[in-house]
Each structure stands twice: as structure tokens, then as C-alpha cells.
Amino acid sequence: MEAIDGLTLGFTHALTIPNLGWALLGCFLGTAIGVLPGIGPALTIALLLPITFQVSATGAFILFCGIFYGAMYGGSTTSILLNAPGESGSIITALEGAKMAKNGRAGPALATAAIGSFIAGIVGTLGIAFIGPVIVDLALLLGPAEYFALMLLCFVTVSAVLGGSALRGLTSLGLGLTLGLIGIDLQTGQPRMTFGLPELYDGVNVVLVAVGLFAVAEALHMAWRHHAGEKAEVRPVGKLMLSRSDLRRSFWPWVRGAGLGFPFGVMPAGGTEMPTMLSYYAERKLVAPEHAHEFGTTGAIEGVAGPEAANNAAAAGILVPMLTLGIPTSATAAIMLSAFQSYGIQPGPLLFETQGQLVWTLIASLFVANVMLVVLNLPLIGLWVRILKIPTPQLYAGILVFATIGTYGISNSVVDLLLLYGIGIIGMFMRRFDFPVAPVVIGMILGPMAEQALRQALTISQGDWSVFVTRPGSLAILVVALLALLGPRIYAVWSQRAAA
Amino acid sequence: MINRIAVPDLLAGLFVLMLGLVSLWQASAIPVSPLYAQVGPKAVPYVVASALTALGALLVLEALRGGWSANIAELAEAGPPNTKALGLLGAGLVLNVILIGPAGFSIAATAQFVMVAAAFGSRSVARDLLIALPLTLGVWFLFVQGLGVNIGAGLLEGLVLRLMGREVF
């Protein structure tokens, strides 16, 4: 089996002292930023991108994946103790978790979240190890036309299917695609969308956009909405124990959550919101009748165990399209992809062959990270609670310090800072008007790759556009994309007619 | 409520429309490549810019029909913007941009830290200063020494380096 050999190779490299160190640092940082509201893995990895000039690719990616996984663990702590989700995937956890905390059951809620995350993380990582090579084999059959179709599908799902409104999601995507076009065209050397400014010839920096949208915009939006004296209460943790009945009630939700989350992560539908929501509704339906009344009242442990497992399994799943196809389906994955690019490594089907050691070490490190995280999370809960208690003024002031240095460090240019603030202001209004920000980052990074695939496909076909519909693979993907875009609307019209 | 023009939403839509038109203008300004290519450098920019323009027009249309903000509870229930907090935060950012060149990162970021903390309701400037100075210095050393980011030493960083007996670069 390819996976077994790969994992054996991976573990021999992952279990060396430096790589264990990177994993531990990543897990620690990731949990901390996951716990802190207003700062997430995408922003953290963007700020740490300069590390790619200092350490080996393997070390950097172990660090980044540790942060990615750690943020998923940390986010649940905030959801449960503060009733404010630390990460978007933890929104659902806050529903039941915060109610349990309110009723003095924060300990079991945290324990079931951590153990559920662990089980799902292991299941998800096994999924990467065994499904990854299969997808690679399939992906090697794809030509540029199919790749382009796949990227279009990804654009549709991240912008139009997820989130509140297809129109606003697509607008965010359009903004990202436009930002991605700025700079010199790689095929012909022509400057594009630069307003004739030489400063823009190198394109807009991804770090700058990510920091602007995730840090500056968040701070500005919080200030806009800030009202004095508003401070959520951190609930006491109590005893971190799962009773026998808690364990029995958590077990199947963990398994179901993990099983539900992973495929959602793998599909180019990106994001952890949908599987966590589905898991929540599933557990609510499947709960034993004697505990059904706890949902929405005192807090049901099933409603924490399932979504938390789904959240982590989906997070693991997101790494599959990134590593095997080179297609990022979340903002964090997009930033990691740009880190690959700064090493001159192109993720995609060839990655498993050309960088086999890197890939398998990374996957093995994900197992290591999961073990570290469950160990870090439960005994060190006191530390995370203290991080949680950092007051808002100092927290946002601190985030902006990091935003400033991360941006100013790109080229010591005040122009970059002004651009950062400009993007921050746009991001603030995007929040105000409910435009999602993740499609901007994904569009900016995936857009140029999609254009390249398009032009390659048309060069091969000698300029014949019908290549996208005559190749069966490409046609099938395009039909799915079209259905994803129009399906919900057609269904709405149809059900309205049926009702009338 | 229905069919009333939502002015803020209209402005947001018009902004997107404007972005789309500016992109169209920039797409048309791309010089035609002398190199042969099946798809030139202009094609994709035209498609993206047209799409953005169309989306802007659709958003304007939606705003004219009552907009979307009123239907989103979180947006509809929010109070008026806190102009004082926004003003303080904005002033902090501006101060940072002004100071970072002449005084260096730590001083500029400390000034920004104090202003931002004040924007979010912190009352003790002295305490914030005491937090900000070591934090910004620490962050500077972390990025310059740890991550190898090239940020020149300002007044404060130079002073600390000299105290440590090291060369100021």
C-alpha cells in the first residue's frame, strides 16, 4: 500500500527533534490564536509567511498545519466558555456548548470537544493518507481544460453556495479575481490593471490583502460596533471529566461528525460551517428521547460532540484538494498555497511524486499534532482561559501591532501601509454589508492559476473554446458548477410555483 | 419596508459598479501583446471586469428594491456607528504611518497601540504604554531576528541595540 509506505517514511522524518519542535510550536500558537476571538489561522499564517525564507519547506508546513489544526481545537474553548465563537467552524458549538457552560457543565463540554476533535482529526488524517494517493491517480488524468473547470466549480461553491447570498459572494470573488490580475502578465509580459504605476507591476501582495481583510477590517468593524461596558463573561471550567454516561452519549456523535465532516472538507465546497450545521441537526434528530429536552435548554452534550468532530474532520479534508490538486477551498488553505509557491513548489498531483518526503512527513506530523493538541488542550486549559481573558482594547491594539509589522516588513514602504488601511476599510464595509471575505483571498490566489489553465487549454486546442464541453470530464464538472450556481434558485422558483 | 430604496445598500452597490467600470477601463488599457497567444492578456481581465460590473448593477437593482441589510437581523439591529471609537482608531493608524519612517517601528506602533486601546475604551494610557513598549520591541526583535524580516532599526531599536553592545544596522 502506498499509504502505509508513505506513512512509514513520513513518521521517520516527523519524529525528529526539529520537526517535533515545529509541530509543538504550531499547535501551541494555533490553540492560542484559536482561543482569541478576532484572530484566526489565515491571518496568523499570513503573518508568518516570511518564515519561508528562513526554514525548510517541511518545517514551515508542519508549523502551518499545526496552527491550522490548533485553531480548530482552540476555537471550541472560546465558543463554550465565552459563548462567542473563536472560529467560524465553532459557531454551532456555541449553541449547546455555551448552554452547558451556563449550567456548570463546561468541563464535560470542553472534554467532549477535545476528544471529539482528536478522534475526528485522526479519522480525517487517515483519510488524507489513504484517499490522497487515489485522488492523485485520478488527477493525473486531468488536462488543463478539466483543471479550469474544477477551479470554476471551486469558485462557484466558495462564493455562491456557501454564505448568505450568491450575489454578494460572487462580488467578493470578483474583487479577489481583480486583485489577482494586477501586475505583469506572466505569459506575455504586459502590465495589467496597474494604472501605469510601476509599484503595482509585481502585483498586490497576498499578505497585505489577508492582513487588511482579517486584522485591520476586523478591528475597524469592532470599533464601529463597540459600545462601552460590553464584556462577555468567561464561564468557570469546573472539572474536566466525562462521566460514563457523557462518554456513551458522545461516542456516536463523534463518529458521525467525523464521517460527515471529512467528505465535506474534501469536496471543493470548502469551509467547516456546513458540516457542523448538518451534524448539529443530525444529532438533534437522533438524540435519545430522554435527553431530547436538553437541546436548547440546559445544553446537550451530543450537540457539542458531533459538530466539533465534524469541524475537525472537515478541516483535515480541506487539506486533500490543496495537496492533491493544488486547489485551496478555504482562506487558510489559499494562504498555505501561496507559501508553497514561495518555495517554488507547485501543489498538485505531482506533489506526491516530486515532494513525496515533504508530503508524507506533513501527513505524519498531522497525527503528531493531533496527539499534542489533545494533551495541550485538556491539562493546559487554565492557560487558555487566561488568554481568553485578555481585555478587548489590548487584544485589538496588539493585533494591529502584528498587522503593522507584517505589512511594513514586506518592503519597508509606507505605501504598503496605506494600501493595507485602504483594504481594511473596504473589508470593514464588506462586514457591514454582509459580503464574505474568504472568496476575496481564494479568488486572488486561485484566479491566476485558473487563467493559466484556461490559456493552456486553449493553446492545446488551438483556440477552440468548445474543448471545455467536448471533453467529458470538463463538461461534467461544468454541469455540476452550473447546477450549484443555479440549482437553489430554480428550486426556489419551482417550490413557489408548487405552493401557489 | 419593501420597495423603499435602501440608501446605504445603494451606495455599496454603486461602489462595486464603480470598481467594475474602473476595471473595464484598466482592462482596455492593457497593451496588445506582440507575441502570439490564443488567449491574449486582455481576455480574462475583460471577463472579470464585465462580471464585476454586472454584479454591481445587480446589487444596485437589489438596493432599489429595498436592499438586503434590512433582512439580516444582525445588520438591522445594530446601533449607529461608534464614531468616537472609529475616529480614535483611525487616528492611531494615521499616527503610525507618520511616525514609522522618522521614528521607527517601535515608537510608531506604541503610539498606535495606545490610541487603538483607547478607542476600545481603555482608560489607562500609562498602563497601555507599559504594555506596548516591551511588546512592540519584542515583536520587532522577533520579526527581525527570528523571521529575518528586514526592518531598519528606528530610534528606540537603535538605542536598545546599542545598550546590548551590538552594531546598529
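What Kirkwood Rh does the range B:7-77 have if only Cα atoms enter the pairwise 1/r average? Answer in Å.
Roughly 13.7 Å, rounded to one decimal.
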Open item on the list: Only four residue types carry charge here, +1 at the Cβ of Lys and Arg and -1 at the Cβ of Asp and Glu. Report the dipole size of chain A about the Cα centre in Debye, rounded to the nearest 20.
Closed with: 1280
Open item on the list: For a quick size check, give me the Cα extents of chain A along its three principal axes, largest first, whole Å.
Closed with: 67, 64, 50
Open item on the list: What whole-number distance in Å separates the alpha-carbon centres of the range A:176-227 and the range A:1-15?
Closed with: 39
Task: Hydrodynamic radius by Kirkwood, which averages 1/r over all alpha carbon pairs of the range A:375-500, in angstrom - done: 20.5
TODO: Kindly provide log₁₀ I(q)/I(0) values, in the same order as q = 0.15 Å⁻¹, from the Debye equation applied to equal alpha-carbon scatterers of the range A:39-164.
DONE: -0.99
Task: Cβ-placed point charges (K, R +1; D, E -1), dipole of the range B:1-126 about Cα centre in debye, nearest 20 - done: 160
Task: Spin-label model distance (nm) - B:LEU130 vs A:VAL469, 7 Å beyond Cα toward Cβ - done: 7.2
Open item on the list: Report the Cα centroid-to-centroid distance between the range A:330-400 and the range B:67-84 in angstrom, as an integer.
Closed with: 34
TODO: Report the relative contact order of the range B:83-163, percent, no decimals, based on alpha-carbon pairs under 8 angstrom and at least 6 residues apart.
DONE: 33
Open item on the list: Roughly how far apart, in whole Å, are the Cα centres of the range B:85-125 and the range A:276-310?
Closed with: 45
Task: Relative contact order [Cα under 8 Å, 6+ residues apart], the range A:175-254, whole percent - done: 18
Task: Helical mean residue ellipticity (222 nm; -39500 (n - 2.57) per DSSP H run of 4+; nearest 500) of chain B - done: -21500 deg cm²/dmol
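Rounded to two decimals, what is the ratio between the C-alpha radius of gyration of the range B:83-163 and 2.2 N^0.38 Å? Please report the intermediate quantities before stating the final value.
Details: Rg = 13.1 Å, N = 81, 2.2 N^0.38 = 11.7 Å.
Cα-based Rg divided by the globular estimate yields 1.12.
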TODO: Name the lysines eligible as straight-distance cross-link partners of A:LYS285: C-alpha to C-alpha under 25 Å, and not fewer than 8 places from it in the same chain.
DONE: A:LYS99, A:LYS102
Open item on the list: For a protection proxy built on the mean count of beta-carbon atoms within 10 angstrom, sort B:77-86, A:310-319, A:357-366, B:130-139 highest first, please.
Closed with: A:310-319, A:357-366, B:130-139, B:77-86
- [ ] If a/c stays under 1.5 just call it rounded; otherwise compare a/b with b/c (prolate if a/b is bigger, oblate if not). Do that for the range B:1-152, with a ≥ b ≥ c from the square roots of the Cα gyration tensor eigenvalues.
- [x] oblate
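Bear in mind that the values in this text are calculations on the coordinates, not laboratory data. These numbers were taken from a predicted model, which means no experiment stands behind them. Note that we place each Cβ from the backbone using ideal geometry, even for glycine, and neighbour counts take in every protein chain shown.
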